[in-house]
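Below: the structure, in structure tokens.
What follows draws every value from the coordinates through simple rules; no lab data is involved. Please read all numbers here as calculations on a predicted model, not as lab measurements. Here the Cβ is made from the backbone with ideal geometry for all residues, glycine too, and neighbour counts use every protein chain on show.
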Amino acid sequence: MKNQTKSNWRKQLFFITVTIIFLIASGCGGLSSNTPKAVIEKFVADAESGNVEAMNKAFSKRALQQDGEKIRSNNKSYSDLIKSIGTKEKPTIFALKEKDMNGKIIVSYNYGINKNSVGSGATTGCTAFELINEDGSWKIDNSAMCQ
């Protein structure tokens, strides 16, 4: 009986420890898919599939209030451009970079066919966005200069 109680206590302690580690990791972003790079990767995936509405949702409230129609139009054009690049090889994001600029994050990337040699193959060239943390989620707030 004493060994059974000790075994149950160890199982409970193990479960509690694993739960605490999971909660800490998810709270610190360790398991989060809402990182600036992940937002951009999803934005491009939505462009590839033509889901312009989801692309629009990647933008901050401020950006949509200030430039909503322009953003929607640009997202549609960008999606059309992304879809036109496809050939036998599947285009991918490459040269994905993230830089902290006083609380705003600049994410830049290239998108295209030949990820081994920028300048050869079909690419969109460098694209960059400024992201801010809005209500606990990273959102695109503006376009940015590639660095």
Charge context of CYS146, other residues only, Cβ under 13 angstrom, K/R +1, D/E -1:
0
Just want the ordering: LEU96, LEU81, LEU131, from fewest to most Cβ atoms lying within 10 Å of their own Cβ.
LEU81, LEU96, LEU131
With r defined as the distance between the Cβ atoms of ALA54 and ASN102 and R0 fixed at 35 Å, what FRET efficiency is calculated, to the nearest 0.05?
0.75
